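**Student:** Just passing along the structure, written as structure tokens.
The values are calculated or read from the model by the stated rules, or taken from the named source; none is laboratory data. If you're wondering where the values come from, they're calculated on a predicted model, not measured in any experiment. FYI the Cβ positions are ideal-geometry reconstructions off the backbone, even for glycines, and counts take in every protein chain you see. Ligands, DNA and RNA are excluded from the accessible area calculation, which covers all protein heavy atoms including side chains. Shrake-Rupley method; radii C 1.70, N 1.55, O 1.52, S 1.80 Å.
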Amino acid sequence: MRNFTKQLAVVVAAVAVTVVMPATAPATPSAAGPDDGVGKASTSSDSSPQRVAGDFNGDGNSEVAVWRPSDGTWYVRGLFNVQWGIAGDIPVAADYNGDNITDIAVWRPSNGTWYVRNIATVQWGTGEDVPVVGDYNGDNRADYAVWRPSNGTWYVRNIATVQWGIGGDIPVVGDYNGDNTDDYTVWRPSNGTWYVRNIATVQWGVGGDVPVTGDFNGDNRTDYTVWRPSNGTWYVRDIATVQWGIGGDIPVSADFNGDNRTDYTVWRPSNGNWFARNLFTVQWGVGGDIPV
């Protein structure tokens with residue numbers, strides 16, 4: 001799996017950063033530096049349910065981390081706490097400068113602006129859009145990109161405008177052919193079909209499933225995968241069927257042990273626990289947080 005899959009989170013600009021290493025992500029807001037009012041990937045919104053854990057120190061392993069909308073704070077276990085973002089933002093952590101480290105970032109629907117900490121502030125998109133961070137030109141940097149449900153169009157800044165998908169689809173960013181470039185892809189809940197532009201049309205999943213982006217066998221290609229809340233089962237096409245998780249959990253795409261394979265992982269909002277199959281169970285976060 002490419003290091004670029006250290007992804008998404010958009011946050012409000014904070015001048016100062018609190019750096020601590022707590023045993024658990026605190027349930028109450030920690031002290032943070034002043035907010036200036038401004039409000040490698042993982043975006044999360046109602047229209048794009050994927051959660052991708054980032055690599056925030058560049059060691060090749062995903063981190064256990066959450067972003068807390070109530071106070072705009074990123075809690076990255078064992079590394080730091082950073083206040084970046086405000087309620088209503090969508091975290092879009094990714095590697096925007098090509099240094100193989102996931103950057104703290106948020107996208108703000110109210111003004112369509114991307115706030116990437118210590119890197120850039122970019123207006124791209126409108127309130128109805130879904131952020132779809134990915135590397136669409138193969139330069140190993142995250143591109144500013146949104147998908148617009150009203151017309152099914154992908155807008156990738158300085159790269160492309162592509163109509164692909166219809167209202168009700170769920171965009172699923174991934175590299176499905178192993179060319180180190182992300183493909184324009186949607187999954188359609190109404191018929192369980194994946195539409196990968198210029199590559200494939202594949203029926204996999206049913207309405208109610210959650211599409212998951214990840215490389216589960218280490219061949220550097222994104223696999224067609226859904227997680228089914230009704231039975232907690234992961235269905236990875238031509239690779240595996242694995243029961244892991246229960247209804248109410250949130251599937252997270254991550255490589256926690258650095259073997260270049262996505263691990264079966266869920267985060268449980270009810271108790272803040274991370275369950276990574278055959279690896280660990282860790283309490284980190286509280287209900288209302290977003291795994292990043």
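**Student:** For the ranges 109-117, 233-241, what's the packing order if you count other beta-carbon atoms within 10 Å of each residue, average per peptide, and put the highest first?
**Tutor:** Highest-to-lowest ranking by the protection proxy: 109-117, 233-241.
**Student:** When the Kirkwood radius is taken over all Cα pairs of the stretch 73-114, what Stokes-Einstein diffusion coefficient follows at 10 °C and 1.306 mPa s, in µm²/s?
**Tutor:** 141
**Student:** Using the Karplus equation 6.51 cos²θ - 1.76 cosθ + 1.60 (θ = phi - 60°), what ³J(HN,Hα) coupling, rounded to whole Hz, does each residue of the stretch 67-76 give in order, writing x for Gly and Pro?
**Tutor:** Computed from phi, the couplings for the stretch 67-76 are 10, 9, x, 5, 10, x, 9, 9, 10, 10 Hz.
**Student:** Quick one: accessible area per residue over the stretch 65-291, 1.4 Å probe, rounded to a whole number of Å²?
**Tutor:** I get 37 Å² per residue for the stretch 65-291.
**Student:** On to the next question. Any chance you could get the radius of gyration and Dmax over the Cα atoms of the stretch 145-279, in Å?
**Tutor:** Radius of gyration, then largest Cα-Cα span, for the stretch 145-279: 15.2, 42 Å.
**Student:** While we're on this one: What percent do you get for the relative contact order of the stretch 65-291 when only Cα pairs under 8 Å and 6+ apart count?
**Tutor:** Averaging sequence separation for qualifying contacts and normalising by length gives 11 percent for the stretch 65-291.
**Student:** May I ask you to give the percent of accessible area on the stretch 65-291 that is carbon plus sulfur, with a probe radius of 1.4 Å?
**Tutor:** Exposed carbon and sulfur together represent 45 percent of the surface.
**Student:** Taking 8 Å as the Cα distance limit and 6 or more residues as the minimum spacing, I'd like the relative contact order of the stretch 157-292 as a percentage.
**Tutor:** Computed value for the stretch 157-292: 13 percent relative contact order.
**Student:** In terms of modelled amide H atoms, which long-range or inter-chain residues lie less than 5 Å from the amide H of residue 126?
**Tutor:** none
**Student:** Work out, step by step, the length gained on full extension between residue 259 and residue 137: first 0.36 nm times the residue separation, then minus their alpha carbon distance; give nm to one decimal.
**Tutor:** Contour length minus the Cα-Cα distance gives 41.4 nm.
**Student:** Something else: Measure off 7 Å from each Cα along the Cα-to-Cβ vector at residue 238 and residue 177, then give the distance between these two points in nanometres to one decimal.
**Tutor:** Computed distance between label sites residue 238 and residue 177 equals 1.4 nm.
**Student:** Please list, ordered by chain and number, the residues whose modelled amide H lies under 5 Å from the amide H of residue 233; skip anything fewer than 5 residues away on the same chain.
**Tutor:** Distant-sequence amide H within range of residue 233: 228, 244.
**Student:** OK, next. Report the Cα-based extents of the stretch 65-291 along its three principal axes, largest first, to the nearest Å.
**Tutor:** The Cα atoms of the stretch 65-291 stretch 41, 41, 30 Å along their principal axes.
**Student:** Show me the ranking of peptides 70-77, 202-209 by mean Cβ neighbours inside 10 Å, starting with the highest.
**Tutor:** Most protected by this proxy first, the peptides run 70-77, 202-209.
**Student:** Quote the FRET efficiency, to the nearest 0.05, computed for residue 206 versus residue 57 with a Förster distance R0 of 45 Å and r equal to the Cβ-Cβ distance.
**Tutor:** 0.70
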